[in-house]
Amino acid sequence: KSCQTGKISTVDSAAQSHTSRDAGVQTDQSKDALQDFQQEVQVDYTSLLSFLQGVEDAVIKELNKNWKSRAFDGFEVNWTDQNETVLCLHTLAYPAAQDQALQVTSVSWNATGSVVACSYGRLDSGDWSTEKSYVCTWNLDRRGLNPQRPDLVVDVPSSVMCLAFHPSQPSLIAGGLFSGELVVWDTSRTEDPVSWRTGITDDTHTDPVYQVDWLPDAKHGNHARLLSVSTDGKILVWREERDGRLALAEGFAVVAQQIPRITQLKKFTWGEAAVGVTSLSFSHFDPHVFVVGVEGGYSLKCSTAAEAPALHRTGSSLPLRAPAELAFSPHAGPVYSVSCSPFHRHVLGIDAGAARRARNLFLSCGTDGQVHLHSILQTQPLLSLQLSKKYLFCVRWSPVRPLVFAAASGEGNCNEWFCFIGDVHLFDLEKSPQKPALSLKQAAGECPVYCLEFNIKQPRLLAAGDATGTVKVWQLSSDFTEQGPREMNHLEQLASETTD
Amino acid sequence: GIPIRTTLDNSTTVQYAGLLHQLTMKARSTVRDIDPQNDLTFLRIRSKKHEIMVAPDKNYLLIVIQN
């Protein structure tokens, strides 16, 4: 027997080997990149010198041509579709809260910019209220968003006066209550969202907490500490303890006697009276400097590095310090909101001169219907705008355009000739410092708007909460969201022409 | 590219150096693809906020940023 396999024919077809070439190799920018730079680079200085000499003339010629050039004047490129209109994207409300005639006391956007939260409470109740209130969140990026049904509703036993989302953890939100307590909720926990609370201790505020804020911790990068401000004059910084409690880490107390005197305030009575603090804003360039607005109508420049102890009477576990360094000239009524300009060096990159001046600007608004633009360096305001005869509850700088800010107005006697119709006003200092560039009517009829916040991640969105219990999310037109050429220069000019 | 001298802060410098080196190489190959006898002498990028000028060389790159 024989075994025979068929003839297997083989043929050499082409064999292909890869030719490869190094295209660009990109590594993650790590600290090593910086260290490489700092080490001694092997440089042939003579060839470097000859290169620079050869190239110097050409570059200088171009630089000179550039600053004299009028070639590009008025030439602007539109990369995105220009959206001319301002729309109200969403009208969010929680019907159960509206039935109880609760008002929106505060709105906040979370770290990713997709969730907006609002707190319900009452801003006009004078006495100690034990009314229940709510904190509601809506995720605007979800499909099937029902504006009448919040994604999360938290029942709170006391009235929530202010809210703030954590700047980097998208599910943590802190709230200050009418009772003086602070609570931090974790919205990712469905059973019991309460993460930490202060409870009522000797350390907590004795008056309603009007503003909470997260203070970026210089030591721990992502970590942030909670700061609260109240009309009892105390500014407290809290630390999270393991058992779900918030313990006092450090504190400041603003006492009338310790405020640096300015001439206009001579007529106010002094003493150890606590000064009611209603609002606070941290400077974006110096983590130690912050500005507070007080019930007395003036703003104060304060520093966390202050050492002097405060003459505060009530006992607390930690000694409180007096932070005030400079008092600015007052409004004719309590200051309800202050906001420091967010434009600082990293945003601008190169233009250090304008950055230095812009860093020093902050806005304050109060019940006299005026907005003051101050430089942190001097007591007199740079600009004083009379927006309306109504109270102004909130003022915020735009996060993208250095010359734009928004103000929310409400109650108060309105003089027909003088009032700007509308409740949320957007000012563009480039176009006109006297009239608002845009006025948005939040609702039909007289409806005070108590709070507003720009969405930092999606700068076209502005959320505003009002007295009828609705939160409106406005989409702004592109002129409010795109920085024009040379806008920082205008801001710098504005800051310097009025100081001179 | 590795930065040798700079008037800006470190992280911005490294960012500019890396990005502009790549862009300069691409611009140079564009010029030479169109006309092999030609070569890139100067690159200017005008943006809303400033103008970036790059003077290239065989071994070095000079980057100037003007408002």
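Readers should treat all values here as calculations from the given coordinates under stated rules, not as data from a laboratory. Because the structure is predicted, anything quoted here is derived from the model rather than measured. In this analysis, Cβ positions are derived from the backbone assuming ideal geometry, glycine residues included, and neighbour counts consider all displayed protein chains.
Worth pointing out:
- Three-way shape label, chain B, alpha-carbon gyration tensor, a/c 1.5: prolate
- Positive-end extreme of charge dipole, the range A:46-192 - chosen from A:HIS90, A:GLN53, A:TYR134 (charges on Cβ): A:GLN53
- FRET efficiency for the B:ARG5 to A:TRP79 pair, using the beta carbon distance and R₀ = 30 Å, is estimated at 0.35.
- Net charge contributed by nearby residues that have their C-beta within less than 13 Å of A:LEU452 (K/R +1, D/E -1): -1
- Length-normalised contact order for the range B:10-66 - Cα pairs under 8 Å, 6+ apart - percent: 22 percent
- A:PHE72/A:ALA332 FRET efficiency (R0 51 Å; Cβ-Cβ; nearest 0.05): 0.65
- When the pairs A:LYS389/A:LYS431; A:LYS301/A:LYS472; A:LYS457/B:LYS49; A:LYS301/B:LYS48 are compared against a 25 Å limit on Cα-Cα distance, A:LYS301/A:LYS472; A:LYS301/B:LYS48 fall above it.
- Amide H contacts under 5 Å for A:LEU361: A:SER341, A:ILE376, restricted to partners 5 or more places along the chain or on a different chain, H placed in the peptide plane at 1.01 Å from N.
- Rounded to the nearest 0.05, the FRET efficiency derived from the C-beta distance between A:LEU52 and B:VAL31 at R0 = 25 Å is 0.65.
- One decimal place: the segment A:THR206-A:GLN493 gains 98.9 nm when fully extended, by the rule 0.36 nm per residue minus the C-alpha distance.
- Take each residue in B:45-57, count the other chain C-beta atoms within 10 Å of its C-beta, and the mean is 5.
- Ranked list, fewest to most other Cβ atoms within 10 Å of each Cβ, for A:TYR450, A:TYR134: A:TYR134, A:TYR450
- The C-alpha atoms of chain B define a longest principal axis, and helix B:10-34 lies at about 10 degrees to it.
- The shape of the range A:124-212 comes out prolate: with a ≥ b ≥ c from the C-alpha gyration tensor, a/c is at least 1.5 and a/b beats b/c.
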